[in-house]
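Structure, as C-alpha coordinates:
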Amino acid sequence: MEGPGQVTQHVTGIDDLPIRDELKGKSPYGAPQLDVPVRLNTNENPYPLPEPLVQRIAERVAEAARSLNRYPDRDAVELRTELARYLTRTAKHQVGVENVWAANGSNEVIQQLLQTFGGPGRTAIGFEPSYSMHGLISRGTGTGWISGPRNDDFTIDVEAATKAIAEHAPDVTFITSPNNPTGTAVEAETVLALYEAAQAAKPSLVVVDEAYIEFSHGDSLLPLIAGRPNLVVSRTMSKAFGAAGLRLGYLAAHPAVVDAVQLVRLPYHLSAVTQATALAALEHTDTLLAYVEQLKQERDRLVGELRALGYEVTPSDANFVQFGRFEGEGGAHAVWQQILDRGVLVRDNGVPGWLRVTAGTPEENDAFLDAVRDLKKEHSA
Ligand SMILES: *Cc1c(COP(=O)(O)O)cnc(C)c1O
(Lines give C-alpha, C1' and ligand atoms only; values in the text may rest on other atoms or scores of the structure.)
Protein backbone atom coordinates (compact mmCIF):
# COMPACT_ATOMS: atom_id res chain seq x y z
CA MET A 1 0.00 0.00 0.00
CA GLU A 2 1.29 3.40 -0.91
CA GLY A 3 0.45 6.32 1.28
CA PRO A 4 -0.37 9.74 -0.10
CA GLY A 5 2.56 11.44 -1.74
CA GLN A 6 4.59 8.25 -2.02
CA VAL A 7 6.09 7.30 -5.36
CA THR A 8 7.17 3.87 -6.51
CA GLN A 9 10.67 3.98 -7.91
CA HIS A 10 12.18 1.13 -9.87
CA VAL A 11 15.84 0.89 -9.04
CA THR A 12 17.80 -1.70 -10.97
CA GLY A 13 21.28 -0.31 -10.48
CA ILE A 14 23.27 2.48 -8.89
CA ASP A 15 22.78 4.75 -11.90
CA ASP A 16 19.04 4.82 -11.09
CA LEU A 17 19.88 6.36 -7.72
CA PRO A 18 20.43 10.11 -7.36
CA ILE A 19 24.22 9.72 -7.14
CA ARG A 20 26.68 12.46 -8.14
CA ASP A 21 26.96 12.92 -11.93
CA GLU A 22 30.70 12.26 -12.00
CA LEU A 23 30.18 8.80 -10.44
CA LYS A 24 27.59 7.69 -13.04
CA GLY A 25 28.67 4.80 -15.25
CA LYS A 26 31.97 4.35 -13.36
CA SER A 27 33.39 1.09 -11.94
CA PRO A 28 34.79 0.64 -8.42
CA TYR A 29 38.40 -0.43 -7.76
CA GLY A 30 38.39 -4.17 -8.13
CA ALA A 31 41.37 -6.46 -8.50
CA PRO A 32 39.78 -9.92 -8.90
CA GLN A 33 39.87 -11.87 -5.59
CA LEU A 34 39.79 -15.36 -7.14
CA ASP A 35 40.29 -18.63 -5.32
CA VAL A 36 43.37 -19.84 -7.23
CA PRO A 37 46.36 -21.87 -5.91
CA VAL A 38 48.92 -19.16 -6.69
CA ARG A 39 47.85 -15.52 -6.26
CA LEU A 40 50.43 -13.04 -7.50
CA ASN A 41 48.13 -10.17 -8.43
CA THR A 42 47.89 -7.57 -5.66
CA ASN A 43 51.53 -7.03 -4.59
CA GLU A 44 50.93 -8.51 -1.16
CA ASN A 45 53.78 -9.96 0.84
CA PRO A 46 53.44 -13.78 0.52
CA TYR A 47 54.81 -14.48 4.00
CA PRO A 48 52.35 -14.61 6.90
CA LEU A 49 53.49 -12.68 9.98
CA PRO A 50 55.96 -14.70 12.09
CA GLU A 51 54.43 -16.49 15.10
CA PRO A 52 56.22 -14.42 17.81
CA LEU A 53 54.75 -11.28 16.22
CA VAL A 54 51.30 -12.86 16.09
CA GLN A 55 51.66 -13.51 19.85
CA ARG A 56 52.79 -9.95 20.50
CA ILE A 57 49.83 -8.58 18.52
CA ALA A 58 47.50 -10.70 20.66
CA GLU A 59 49.08 -9.26 23.82
CA ARG A 60 48.93 -5.65 22.70
CA VAL A 61 45.39 -6.00 21.37
CA ALA A 62 44.30 -7.58 24.67
CA GLU A 63 45.79 -4.60 26.47
CA ALA A 64 43.95 -2.21 24.13
CA ALA A 65 40.72 -4.20 24.61
CA ARG A 66 40.74 -3.33 28.31
CA SER A 67 40.01 0.28 27.42
CA LEU A 68 37.85 -0.13 24.33
CA ASN A 69 35.05 1.62 26.25
CA ARG A 70 37.09 4.79 25.63
CA TYR A 71 37.86 6.45 22.31
CA PRO A 72 41.42 5.79 21.07
CA ASP A 73 44.25 8.34 21.11
CA ARG A 74 42.93 10.69 18.43
CA ASP A 75 46.42 11.79 17.50
CA ALA A 76 48.03 8.32 17.64
CA VAL A 77 51.09 9.84 19.29
CA GLU A 78 52.83 6.62 20.34
CA LEU A 79 52.37 5.08 16.89
CA ARG A 80 53.51 8.21 15.04
CA THR A 81 56.57 8.37 17.31
CA GLU A 82 57.52 4.79 16.40
CA LEU A 83 56.87 5.41 12.68
CA ALA A 84 59.13 8.48 12.87
CA ARG A 85 61.81 6.35 14.53
CA TYR A 86 61.51 3.75 11.75
CA LEU A 87 61.81 6.42 9.04
CA THR A 88 64.78 8.09 10.71
CA ARG A 89 66.54 4.73 10.99
CA THR A 90 65.92 3.54 7.43
CA ALA A 91 65.59 6.61 5.22
CA LYS A 92 68.70 8.59 6.15
CA HIS A 93 66.71 11.59 7.34
CA GLN A 94 65.70 12.67 10.82
CA VAL A 95 61.95 13.06 11.36
CA GLY A 96 59.92 13.38 14.54
CA VAL A 97 56.34 12.74 15.61
CA GLU A 98 55.38 16.22 14.35
CA ASN A 99 56.39 15.21 10.78
CA VAL A 100 54.34 12.01 10.67
CA TRP A 101 50.62 11.32 10.25
CA ALA A 102 48.91 7.92 10.08
CA ALA A 103 45.58 6.64 8.76
CA ASN A 104 43.77 3.48 7.67
CA GLY A 105 46.02 2.58 4.75
CA SER A 106 47.89 5.02 2.58
CA ASN A 107 44.71 5.22 0.51
CA GLU A 108 43.12 7.07 3.44
CA VAL A 109 46.22 9.26 3.76
CA ILE A 110 45.83 10.15 0.06
CA GLN A 111 42.12 10.77 0.54
CA GLN A 112 42.80 13.14 3.45
CA LEU A 113 45.42 14.98 1.36
CA LEU A 114 42.98 15.36 -1.54
CA GLN A 115 40.19 16.50 0.81
CA THR A 116 42.58 19.12 2.19
CA PHE A 117 44.47 20.25 -0.91
CA GLY A 118 42.15 19.16 -3.76
CA GLY A 119 38.35 19.12 -3.94
CA PRO A 120 35.72 20.73 -6.17
CA GLY A 121 37.18 23.27 -8.60
CA ARG A 122 40.69 21.90 -8.06
CA THR A 123 42.77 19.38 -10.00
CA ALA A 124 45.35 16.64 -9.46
CA ILE A 125 47.83 15.17 -11.95
CA GLY A 126 49.59 11.79 -12.16
CA PHE A 127 51.87 10.32 -14.82
CA GLU A 128 50.23 7.23 -16.26
CA PRO A 129 50.28 4.31 -16.28
CA SER A 130 50.47 4.63 -12.51
CA TYR A 131 48.49 3.73 -9.39
CA SER A 132 44.84 3.90 -10.44
CA MET A 133 43.67 4.90 -6.94
CA HIS A 134 45.21 8.37 -7.29
CA GLY A 135 42.68 9.10 -10.05
CA LEU A 136 39.84 7.24 -8.31
CA ILE A 137 40.30 9.02 -4.96
CA SER A 138 40.55 12.32 -6.84
CA ARG A 139 37.18 11.58 -8.42
CA GLY A 140 35.74 10.55 -5.03
CA THR A 141 36.79 13.87 -3.51
CA GLY A 142 35.49 15.93 -6.44
CA THR A 143 39.02 16.75 -7.60
CA GLY A 144 39.49 16.96 -11.39
CA TRP A 145 41.96 14.35 -12.68
CA ILE A 146 44.65 15.07 -15.25
CA SER A 147 46.48 12.15 -16.86
CA GLY A 148 50.08 13.18 -17.48
CA PRO A 149 52.49 11.44 -19.89
CA ARG A 150 55.35 8.92 -19.50
CA ASN A 151 58.11 7.77 -21.83
CA ASP A 152 57.73 4.48 -23.76
CA ASP A 153 60.12 2.87 -21.26
CA PHE A 154 57.80 4.05 -18.42
CA THR A 155 60.25 6.55 -16.95
CA ILE A 156 58.87 10.06 -16.40
CA ASP A 157 59.49 12.36 -19.36
CA VAL A 158 60.66 15.39 -17.36
CA GLU A 159 60.18 17.86 -20.19
CA ALA A 160 56.66 16.67 -21.03
CA ALA A 161 55.74 16.39 -17.33
CA THR A 162 56.91 19.91 -16.43
CA LYS A 163 55.10 21.21 -19.50
CA ALA A 164 51.87 19.50 -18.40
CA ILE A 165 52.27 20.96 -14.90
CA ALA A 166 52.88 24.46 -16.32
CA GLU A 167 49.85 24.11 -18.59
CA HIS A 168 47.35 22.75 -16.04
CA ALA A 169 48.72 24.28 -12.81
CA PRO A 170 47.38 21.30 -10.77
CA ASP A 171 46.73 21.65 -7.03
CA VAL A 172 48.17 18.19 -6.32
CA THR A 173 50.91 16.34 -8.23
CA PHE A 174 51.38 12.59 -7.67
CA ILE A 175 54.76 10.94 -8.25
CA THR A 176 54.84 7.20 -7.50
CA SER A 177 58.29 5.81 -6.78
CA PRO A 178 58.76 2.91 -7.33
CA ASN A 179 55.85 3.21 -9.73
CA ASN A 180 52.96 0.77 -9.77
CA PRO A 181 52.36 -1.14 -12.11
CA THR A 182 55.67 -0.64 -13.91
CA GLY A 183 58.19 -0.95 -11.02
CA THR A 184 60.04 2.16 -12.21
CA ALA A 185 61.97 4.17 -9.59
CA VAL A 186 62.04 7.95 -9.94
CA GLU A 187 65.31 9.90 -9.58
CA ALA A 188 65.55 12.65 -6.96
CA GLU A 189 66.41 15.14 -9.75
CA THR A 190 63.13 14.31 -11.49
CA VAL A 191 61.13 14.90 -8.30
CA LEU A 192 62.94 18.20 -7.76
CA ALA A 193 62.28 19.33 -11.36
CA LEU A 194 58.58 18.49 -11.01
CA TYR A 195 58.39 20.15 -7.58
CA GLU A 196 59.96 23.34 -8.97
CA ALA A 197 57.58 23.29 -11.95
CA ALA A 198 54.60 22.78 -9.64
CA GLN A 199 55.61 25.65 -7.33
CA ALA A 200 56.33 27.92 -10.32
CA ALA A 201 52.79 27.41 -11.60
CA LYS A 202 51.38 28.23 -8.11
CA PRO A 203 52.01 26.95 -4.58
CA SER A 204 50.70 23.36 -4.69
CA LEU A 205 51.16 19.97 -3.06
CA VAL A 206 53.49 17.28 -4.45
CA VAL A 207 52.91 13.76 -3.13
CA VAL A 208 55.62 11.12 -3.53
CA ASP A 209 53.93 7.74 -3.08
CA GLU A 210 56.60 5.38 -1.72
CA ALA A 211 54.41 2.32 -1.08
CA TYR A 212 57.19 0.04 -2.39
CA ILE A 213 60.33 1.91 -1.35
CA GLU A 214 61.62 -0.84 0.96
CA PHE A 215 62.01 -3.08 -2.13
CA SER A 216 64.04 -0.51 -4.08
CA HIS A 217 67.70 -0.82 -5.11
CA GLY A 218 68.00 2.87 -4.26
CA ASP A 219 67.26 5.23 -1.38
CA SER A 220 64.05 6.82 -0.16
CA LEU A 221 63.18 10.31 -1.42
CA LEU A 222 62.24 11.27 2.16
CA PRO A 223 65.24 13.65 2.68
CA LEU A 224 63.70 15.88 -0.03
CA ILE A 225 61.00 17.07 2.41
CA ALA A 226 63.65 19.22 4.17
CA GLY A 227 62.94 22.86 3.32
CA ARG A 228 60.04 21.88 1.00
CA PRO A 229 56.80 22.34 2.97
CA ASN A 230 54.66 21.35 -0.03
CA LEU A 231 56.36 17.97 -0.50
CA VAL A 232 54.78 14.90 1.13
CA VAL A 233 56.06 11.32 1.17
CA SER A 234 53.40 8.64 1.69
CA ARG A 235 54.14 5.14 2.98
CA THR A 236 52.28 1.97 3.92
CA MET A 237 52.62 -1.14 6.08
CA SER A 238 50.66 -3.11 3.43
CA LYS A 239 53.64 -4.25 1.37
CA ALA A 240 57.08 -4.45 3.03
CA PHE A 241 55.62 -5.06 6.52
CA GLY A 242 53.42 -7.84 5.19
CA ALA A 243 50.38 -6.31 6.85
CA ALA A 244 47.90 -5.49 4.06
CA GLY A 245 45.08 -6.68 6.30
CA LEU A 246 46.05 -4.22 9.05
CA ARG A 247 45.22 -1.09 7.00
CA LEU A 248 47.94 1.27 8.15
CA GLY A 249 49.42 4.00 5.99
CA TYR A 250 51.34 7.13 6.95
CA LEU A 251 52.95 10.25 5.59
CA ALA A 252 56.01 12.31 6.39
CA ALA A 253 56.09 16.04 5.69
CA HIS A 254 56.48 19.49 7.21
CA PRO A 255 54.53 19.70 10.52
CA ALA A 256 52.13 22.20 8.90
CA VAL A 257 50.92 19.47 6.51
CA VAL A 258 50.24 17.22 9.52
CA ASP A 259 48.23 20.07 11.07
CA ALA A 260 46.36 20.67 7.80
CA VAL A 261 45.03 17.12 7.41
CA GLN A 262 43.52 17.36 10.91
CA LEU A 263 40.93 19.65 9.32
CA VAL A 264 39.40 16.74 7.40
CA ARG A 265 40.25 13.58 9.35
CA LEU A 266 37.30 11.92 11.06
CA PRO A 267 37.53 12.05 14.86
CA TYR A 268 39.18 8.87 16.22
CA HIS A 269 39.70 7.54 12.67
CA LEU A 270 42.45 5.11 13.75
CA SER A 271 41.04 2.44 16.07
CA ALA A 272 42.83 1.43 19.27
CA VAL A 273 43.08 -2.11 17.82
CA THR A 274 44.80 -0.81 14.69
CA GLN A 275 47.22 1.32 16.70
CA ALA A 276 48.08 -1.59 19.01
CA THR A 277 48.63 -3.98 16.09
CA ALA A 278 50.81 -1.54 14.15
CA LEU A 279 52.91 -0.88 17.27
CA ALA A 280 53.45 -4.61 17.74
CA ALA A 281 54.51 -4.97 14.08
CA LEU A 282 56.99 -2.10 14.46
CA GLU A 283 58.62 -3.95 17.36
CA HIS A 284 59.45 -6.69 14.82
CA THR A 285 60.74 -4.44 12.04
CA ASP A 286 64.06 -6.26 11.64
CA THR A 287 62.45 -9.67 11.13
CA LEU A 288 59.98 -8.23 8.64
CA LEU A 289 62.70 -6.42 6.70
CA ALA A 290 64.61 -9.72 6.42
CA TYR A 291 61.66 -11.08 4.40
CA VAL A 292 61.96 -7.99 2.20
CA GLU A 293 65.55 -8.98 1.36
CA GLN A 294 64.37 -12.42 0.24
CA LEU A 295 61.62 -10.89 -1.85
CA LYS A 296 64.07 -8.51 -3.54
CA GLN A 297 66.17 -11.53 -4.56
CA GLU A 298 63.10 -13.33 -5.87
CA ARG A 299 62.08 -10.18 -7.78
CA ASP A 300 65.51 -10.04 -9.41
CA ARG A 301 65.27 -13.75 -10.22
CA LEU A 302 61.89 -13.22 -11.92
CA VAL A 303 63.38 -10.41 -14.01
CA GLY A 304 66.33 -12.58 -15.07
CA GLU A 305 64.32 -15.69 -15.86
CA LEU A 306 61.59 -13.84 -17.76
CA ARG A 307 64.25 -12.14 -19.88
CA ALA A 308 65.96 -15.49 -20.49
CA LEU A 309 62.61 -16.79 -21.75
CA GLY A 310 62.53 -13.94 -24.26
CA TYR A 311 60.02 -11.66 -22.55
CA GLU A 312 60.48 -7.92 -22.28
CA VAL A 313 60.74 -6.84 -18.65
CA THR A 314 60.58 -3.31 -17.23
CA PRO A 315 63.40 -2.76 -14.69
CA SER A 316 61.79 -3.13 -11.24
CA ASP A 317 62.49 -1.53 -7.87
CA ALA A 318 59.29 -2.95 -6.36
CA ASN A 319 58.01 -6.37 -5.24
CA PHE A 320 56.51 -7.03 -8.68
CA VAL A 321 57.59 -7.23 -12.29
CA GLN A 322 55.94 -5.87 -15.43
CA PHE A 323 56.46 -8.18 -18.41
CA GLY A 324 55.33 -8.37 -22.04
CA ARG A 325 54.85 -7.70 -24.74
CA PHE A 326 51.68 -9.32 -25.84
CA GLU A 327 50.51 -7.86 -29.08
CA GLY A 328 48.81 -10.85 -30.71
CA GLU A 329 45.12 -11.67 -30.72
CA GLY A 330 43.44 -10.78 -27.43
CA GLY A 331 46.63 -8.99 -26.32
CA ALA A 332 47.70 -9.10 -22.70
CA HIS A 333 44.27 -10.13 -21.44
CA ALA A 334 44.29 -13.39 -23.43
CA VAL A 335 47.69 -14.26 -21.93
CA TRP A 336 46.42 -13.32 -18.45
CA GLN A 337 43.64 -15.91 -18.94
CA GLN A 338 46.09 -18.57 -20.21
CA ILE A 339 48.26 -18.08 -17.11
CA LEU A 340 45.15 -18.25 -14.92
CA ASP A 341 44.14 -21.52 -16.65
CA ARG A 342 47.45 -22.88 -15.32
CA GLY A 343 46.47 -21.94 -11.73
CA VAL A 344 48.38 -18.67 -11.42
CA LEU A 345 46.66 -15.31 -10.96
CA VAL A 346 48.66 -12.31 -12.22
CA ARG A 347 47.41 -8.78 -12.90
CA ASP A 348 46.17 -7.18 -16.07
CA ASN A 349 46.36 -3.49 -15.18
CA GLY A 350 45.09 -2.45 -18.59
CA VAL A 351 48.52 -1.31 -19.80
CA PRO A 352 48.35 -2.42 -23.46
CA GLY A 353 50.76 -5.29 -24.11
CA TRP A 354 51.89 -5.78 -20.51
CA LEU A 355 51.05 -7.86 -17.42
CA ARG A 356 52.29 -7.57 -13.84
CA VAL A 357 53.36 -10.41 -11.53
CA THR A 358 53.98 -9.98 -7.79
CA ALA A 359 57.10 -11.65 -6.36
CA GLY A 360 55.82 -14.50 -4.17
CA THR A 361 57.57 -17.31 -2.34
CA PRO A 362 60.20 -19.21 -4.38
CA GLU A 363 57.65 -22.01 -4.90
CA GLU A 364 54.96 -19.60 -6.12
CA ASN A 365 57.41 -17.93 -8.47
CA ASP A 366 58.46 -21.32 -9.83
CA ALA A 367 54.80 -22.14 -10.49
CA PHE A 368 54.44 -18.84 -12.34
CA LEU A 369 57.63 -19.40 -14.36
CA ASP A 370 56.47 -22.93 -15.27
CA ALA A 371 53.19 -21.48 -16.51
CA VAL A 372 54.82 -18.88 -18.76
CA ARG A 373 57.41 -21.42 -19.99
CA ASP A 374 54.51 -23.64 -20.95
CA LEU A 375 52.91 -20.75 -22.88
CA LYS A 376 56.12 -20.07 -24.78
CA LYS A 377 56.27 -23.74 -25.84
CA GLU A 378 52.69 -23.68 -26.98
CA HIS A 379 53.16 -20.47 -28.97
CA SER A 380 56.38 -21.52 -30.67
CA ALA A 381 55.04 -25.04 -31.43
C1 LIG B 1 49.46 -0.83 -2.60
C2 LIG B 1 49.67 0.63 -2.83
C3 LIG B 1 49.33 1.53 -1.84
C4 LIG B 1 48.89 1.00 -0.51
O5 LIG B 1 47.65 1.26 -0.16
P6 LIG B 1 47.20 0.90 1.34
O7 LIG B 1 45.93 1.65 1.41
O8 LIG B 1 48.24 1.42 2.26
O9 LIG B 1 47.05 -0.58 1.39
C10 LIG B 1 49.58 2.88 -2.03
N11 LIG B 1 50.14 3.32 -3.16
C12 LIG B 1 50.50 2.47 -4.14
C13 LIG B 1 51.19 2.99 -5.35
C14 LIG B 1 50.25 1.11 -4.01
O15 LIG B 1 50.55 0.27 -5.00
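The values are calculated or read from the model by the stated rules, or taken from the named source; none is laboratory data. Because the structure is a prediction, the values reported are computed rather than measured. Every residue, glycine as well, gets a Cβ built from its backbone with ideal geometry; the counts of neighbours run over all protein chains shown. Accessible surface areas use protein heavy atoms only, side chains included; no ligands, DNA or RNA. Shrake-Rupley method; radii C 1.70, N 1.55, O 1.52, S 1.80 Å.
Derived scalar couplings between HN and Hα for segment 115-122 equal 5, 8, 10, x, x, x, x, 10 Hz in order, rounded to whole Hz, by the Karplus curve 6.51 cos²θ - 1.76 cosθ + 1.60 (θ = phi - 60°), x for Gly and Pro.
Mark the label point 7 Å from the Cα of A31 along Cα→Cβ and return the residues of segment 322-351 whose backbone N is within less than 11 Å of it. Residues passing the 11 Å test: 346-349.
Overall, segment 198-331 carries a charge dipole of about 440 debye about its Cα centre when +1 sits on the Cβ of Lys and Arg and -1 on the Cβ of Asp and Glu, all other atoms neutral. Shown are R89, R301, R60, R20, whose ranking by accessible area with a 1.4 Å probe and every protein chain present, most to least, is R89, R20, R301, R60. Oblate is the label for segment 220-293, because the ratio a/c of its alpha-carbon gyration tensor axes (a ≥ b ≥ c) is 1.5 or higher and a/b is not greater than b/c.
How far, in nm, would the chain grow between D219 and R301 when pulled straight, counting 0.36 nm per residue and subtracting the alpha carbon separation? The partial results should precede the final answer.
On the way: separation 82, 0.36 × 82 = 29.52 nm, distance 2.10 nm.
Roughly 27.4 nm would be gained on extension.
Amide H contacts under 5 Å for N43: T358, restricted to partners 5 or more places along the chain or on a different chain, H placed in the peptide plane at 1.01 Å from N.
Taking label positions 7 Å along the Cα-Cβ direction at both R66 and A244, the computed distance is 3.5 nm, reported to one decimal. The string of couplings for segment 83-92 from the Karplus curve (6.51, -1.76, 1.60, θ = phi - 60°) is 5, 5, 5, 4, 5, 4, 6, 9, 10, 6 Hz, one whole number per residue in order, with x for Gly and Pro. Here the label points at Q199 and Q294, each 7 Å from Cα along the C-beta direction, are separated by 4.4 nm in the simple model. Over the chain, dividing the summed -39,500 (n - 2.57) contributions of all DSSP H runs of at least 4 residues by the number of residues returns a 222 nm mean residue ellipticity of -12500 deg cm²/dmol.
Take the chain, mark every one of the GluC sites (Glu not before Pro) that falls in a DSSP loop and has at most 16 other Cβ within 10 Å, then report the longest stretch left between them, sites excluded. Please list the in-between numbers first.
Numbers: sites that count: E2, E187, E327, E329.
Maximal segment without exposed cleavage sites: 3-186.
Under the classification rounded if a/c is under 1.5, otherwise prolate if a/b is larger than b/c and oblate if not, where does the chain fall, given a ≥ b ≥ c as square roots of the Cα gyration tensor eigenvalues?
rounded
How much length would be gained if the chain were fully extended between H10 and L263, taking 0.36 nm per residue of separation minus their Cα-Cα distance, in nm to one decimal? Walk me through the numbers on the way to the answer.
Numbers: separation 253, 0.36 × 253 = 91.08 nm, distance 3.92 nm.
Stretched fully, the H10-L263 segment lengthens by 87.2 nm.
Compute, for segment 51-283, the length of the dipole vector about the Cα centre, with Cβ point charges of +1 (Lys, Arg) and -1 (Asp, Glu) only. Units Debye, rounded to 20. Walk me through the numbers on the way to the answer.
On the way: 19 positive and 25 negative charges, 143 e Å.
Its charge dipole is roughly 680 debye.
The Cα atoms of segment 19-63 give a gyration tensor whose axes a ≥ b ≥ c have a/c of 1.5 or more with a/b no greater than b/c, which makes the shape oblate.
Past 32 Å, Cα to Cα, is the threshold; run K202/K239; K296/K376; K26/K239; K296/K377; K92/K296 against it and keep the listed order. Don't skip to the end; give the middle numbers.
Details: K202/K239 34 Å; K296/K376 25 Å; K26/K239 28 Å; K296/K377 28 Å; K92/K296 20 Å.
Beyond 32 Å between Cα atoms: K202/K239.
Note on L309/L23: beta-carbon distance plugged into 1/(1 + (r/R0)^6) with R0 of 30 Å gives a FRET efficiency of 0.10.
Please work out the average accessible area per residue across segment 51-283, using the 1.4 Å probe convention, and give it in Å². Display every interim value, and only then the final one.
Values: 9280 Å² over 233 residues.
That works out to 40 Å² for each residue.
Applied to segment 239-247, the Karplus parametrisation 6.51 cos²θ - 1.76 cosθ + 1.60 on θ = phi - 60° returns per-residue 3J(HN,Hα) values of 10, 4, 7, x, 10, 4, x, 6, 6 Hz, with x for Gly and Pro.
Counting only protein heavy atoms and a 1.4 Å probe, tell me what percentage of the chain's accessible area is made up of carbon and sulfur.
Values: 9050 of 17620 Å².
Solvent-exposed carbon and sulfur of the chain make up 51 percent of the total.
Remark: spin-label model distance V273-E59 equals 2.1 nm, labels positioned 7 Å along the Cα→Cβ axis.
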